[in-house]
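Report on the structure given below.
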């Protein structure tokens, strides 16, 4: 399943790129979003390339129907990796939901706007469960969409410090 989201920022790319390339941003955002046990596993910056990998536990924010409850625990252990080519304004997001037969990834591309810039996130969700995979993909997309509002609000708040 594919879908797209937009993160609009009232700041130029030069400001946003400082935030996206700062490990402290990911830690502070995790605390704001109440991500349990957030741990930075690794990060590196080489020239215009930035990569960070971190883990945390998080509860689903949507009510799961009975067929999906057997696949999802009360909280999910998540490993996320963000990669940015800060010069090209492109990024790649990979999310591993431990214990679930799901692959989440997204391509990111930042464009200028009249008021600042926008990060266009093109998600791809794949679930390998026969017959129910498509339904689980839709539920995960709903969960991501629901959480993205708070994620964007936290990012906008933190952007003021850059």
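The values are calculated or read from the model by the stated rules, or taken from the named source; none is laboratory data. Small disclaimer: the values here were computed from a predicted structure and weren't measured. Here the Cβ is made from the backbone with ideal geometry for all residues, glycine too, and neighbour counts use every protein chain on show.
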Whether any residue in region 85-102 is surrounded by fewer than 18 Cβ atoms within 10 Å (Cβ to Cβ), touching a helix residue (DSSP H, G or I) at 6+ places or on another chain (Cβ under 8 Å) and either modelled with pLDDT of 95 or more or part of a strand (DSSP E or B) (or both) is what I want to check. no
Looking only at residues that are part of a loop (DSSP other than H, G, I, E, B) and over 14 Å from the mean Cα position of the chain (by Cα) in region 20-37, which one is surrounded by the fewest Cβ atoms within 10 Å (Cβ to Cβ)? 34
Give 121, 140 a once-over and let me know the one that is more than 17 Å from residue 19 (Cβ to Cβ) and in contact with a strand residue (DSSP E or B) (Cβ under 7 Å, 6 or more places away or on another chain). 140
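Can we say residue 149 is surrounded by fewer than 17 Cβ atoms within 10 Å (Cβ to Cβ), free of Cβ contacts under 8 Å to residues at least 24 places away in the same chain and not in a strand (DSSP E or B)?
When the stated conditions are applied, residue 149 passes them.
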Condition test on residue 48, is it within 29 Å of residue 16 (Cβ to Cβ), over 18 Å from the mean Cα position of the chain (by Cα) and either surrounded by fewer than 17 Cβ atoms within 10 Å (Cβ to Cβ) or at pLDDT 85 or above (or both)? yes
Evaluate region 64-80: report whether one residue or more is closer than 18 Å to residue 38 by Cα, touching a strand residue (DSSP E or B) at 6+ places or on another chain (Cβ under 6 Å), modelled with pLDDT of 95 or more and buried (at least 17 other Cβ atoms within 10 Å of the Cβ). yes
So which residues in region 1-19 are outside any loop (DSSP other than H, G, I, E, B), more than 11 Å from residue 117 (Cβ to Cβ) and in contact with a strand residue (DSSP E or B) (Cβ under 8 Å, 6 or more places away or on another chain), if there are any at all? 2, 3, 4, 5
